[in-house]
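One structure is given below, encoded as structure tokens.
The values are calculated or read from the model by the stated rules, or taken from the named source; none is laboratory data. Remember, it's a predicted structure, so these values are computed and weren't measured experimentally. Using ideal geometry, Cβ is built from the backbone for each residue, glycine included, and neighbour counts are taken over all protein chains shown.
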Amino acid sequence: MKHLILCPIFICQIWLGYGGTWTVSNNPAIPAQFTSIPAAIASAASGDTILVSGSPTSYSGSITINKAISIIGAGYNPNLGLTTSLNLLIVSRSNVFLSGFKVNQIRLTGQNAPANLIENVTITRCDVALLIVQGLTNNSGSSAVLKRFTVRNNLLEDVTLSGNYSNRYTTLDSVWISNNIFTQFGRIGGANALTGTDKLIVEHNLFIGGNVPNKSVFGDYFFQNYLDNAVIKDNIFYASDPQGCQNCLYFNNLTFQNGANDTLPAPAGNNNIYSQNPLFGNFPVNGASFNYQFDFSLLPNSPAINAASDGTNIGISGGGQPFEIGAPPALPKITDLTLFHTAIPENGSLQIEFKAINQP
């Protein structure tokens, strides 16, 4: 007789197995098909999903995603259990979905992508220290192209959208950065070659804890390359200097505790709210670095409520997908599981009945 042992990562296979699912764990307490992410990527086919378990040990080394796959970790919030931590993720293919990781650096590069094009990439529900978009590794004048790139519901520090970073050229088209928290010294920069509108939209984000001398929110970490021709709307700039976006359109933003830079640069657009406290549930009035103990929900008398360009709240609680801080990846959640056998014979059948709900 063989006794049954179930673990959460295999239960997830019930849901995703029909799409081609692989499991990874470097934690001996959680068995899986692979102990390393590169090994799982090598076995995966386009359209497959890789589930990476939480672990007390980081998944070390450089990990390159060169296939159109989804990679989902256990989450980044240490208050909810084991996190899935990585050092470096390199994305060089289109149609990639990433969720549920704490990552030191994510790098999108067009160098090895087919036709130097990367499109349909989503990064959501992650904690990312540095996100870099890179183009070609020469200055021949040609460009890598990044299209339909979504960065949503993350904790972020620095985002460098490299229109020209270390002689790596990138053309951006339809890039959305929405409903994120930019933590201490958080900034976006390096996209100084944008033309037209709707190429880069920065909306419903919260920038906190900056106010670093001579460093604005819209300048990259390395060379202070500013943004250009972006749409900046429905964000809260709390003790984070909102200057540095050249020829950008600002709509329905709120600023507070930025001193002389509490106003937005021209052309400022319409319906911006200057020097008003957004009135969070629990946050130091002078600003601070991110902490899970803070409450970023808006009090009933907040000036940000229903003041966004879309009629929702300014900041992370507005828009189409409000940010639930620390939430794990949106996998279905099993609410009830019944096993009809405690032991089964070799080559026997196991009967399971379960109920589940979709998680937002």
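This table checks each residue for (1) crowded, with 17+ Cβ neighbours inside 10 Å; (2) in a loop (DSSP other than H, G, I, E, B); (3) in contact with an Asp or Glu (Cβ under 7 Å, 6 or more places away or on another chain); (4) β-branched (Val, Ile, Thr).
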{"position": "Leu51", "(1), (2), (3), (4)": "yes, no, no, no"}
{"position": "Lys67", "(1), (2), (3), (4)": "yes, yes, no, no"}
{"position": "Tyr76", "(1), (2), (3), (4)": "yes, yes, yes, no"}
{"position": "Ile90", "(1), (2), (3), (4)": "yes, no, no, yes"}
{"position": "Arg93", "(1), (2), (3), (4)": "yes, yes, no, no"}
{"position": "Leu98", "(1), (2), (3), (4)": "yes, no, no, no"}
{"position": "Asn104", "(1), (2), (3), (4)": "no, no, no, no"}
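Name the strands (runs of 3 or more DSSP E) wholly inside region 238-321 in which the number of residues that are in contact (Cβ under 8 Å) with a residue 60 or more places away in the chain is 1 or more. Give the steps one after another, and end with the answer.
Details: elements: 249-251, 254-256, 280-282, 295-298.
Counting at least 1 such residues, we get 254-256, 295-298.
Please work out if Tyr169 is crowded, with 18+ Cβ neighbours inside 10 Å, part of a strand (DSSP E or B) and at pLDDT 85 or above.
No: the conditions fail for Tyr169.
Restricting attention to region 213-223, does a residue exist that is hydroxyl-bearing (Ser, Thr, Tyr), modelled with pLDDT of 85 or more and surrounded by 15 or more Cβ atoms within 10 Å (Cβ to Cβ)?
no
Checking the structure you have, find out if any residue of region 285-293 is crowded, with 16+ Cβ neighbours inside 10 Å and closer than 30 Å to Asn77 by Cβ.
Checking region 285-293: at least one residue is crowded, with 16+ Cβ neighbours inside 10 Å and closer than 30 Å to Asn77 by Cβ.
Report yes if Ile11 is surrounded by 15 or more Cβ atoms within 10 Å (Cβ to Cβ), in a helix (DSSP H, G or I) and either at positive phi or at pLDDT 95 or above (or both), otherwise no.
Criteria not met by Ile11.
Could you count how many residues in region 78-88 are farther than 21 Å from Ala42 by Cβ and either assigned to a strand (DSSP E or B) or in contact with a His (Cβ under 7 Å, 6 or more places away or on another chain) (or both)?
Final tally of qualifying residues: 1.
For every residue, the table says whether it meets (1) surrounded by 15 or more Cβ atoms within 10 Å (Cβ to Cβ); (2) hydrophobic (A, V, I, L, M, F, W, C); (3) at pLDDT 70 or above.
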position: Ala304; (1), (2), (3): yes, yes, yes
position: Ile316; (1), (2), (3): yes, yes, yes
position: Phe340; (1), (2), (3): no, yes, no
position: Glu346; (1), (2), (3): no, no, yes
position: Asn358; (1), (2), (3): no, no, no
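Residues checked against (1) touching a helix residue (DSSP H, G or I) at 6+ places or on another chain (Cβ under 8 Å); (2) at pLDDT below 95; (3) closer than 20 Å to Ser36 by Cα:
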position: Gly81; (1), (2), (3): no, yes, no
position: Ile90; (1), (2), (3): no, yes, yes
position: Gly100; (1), (2), (3): no, no, yes
position: Val103; (1), (2), (3): no, no, yes
position: Asn112; (1), (2), (3): no, yes, no
position: Glu119; (1), (2), (3): no, yes, no
position: Leu131; (1), (2), (3): no, yes, no
position: Gln134; (1), (2), (3): no, yes, no
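Let me spell it out: the conditions are (1) under 28 Å from Ala29 (Cα atoms); (2) at pLDDT 95 or above; (3) hydroxyl-bearing (Ser, Thr, Tyr), and Ser60 meets all of them except one. Which number is the exception?
Every condition holds for Ser60 apart from (2).
So how many residues does region 228-247 have that are over 16 Å from Ala307 (Cβ atoms) and either surrounded by fewer than 24 Cβ atoms within 10 Å (Cβ to Cβ) or modelled with pLDDT of 90 or more (or both)?
The total comes to 8.
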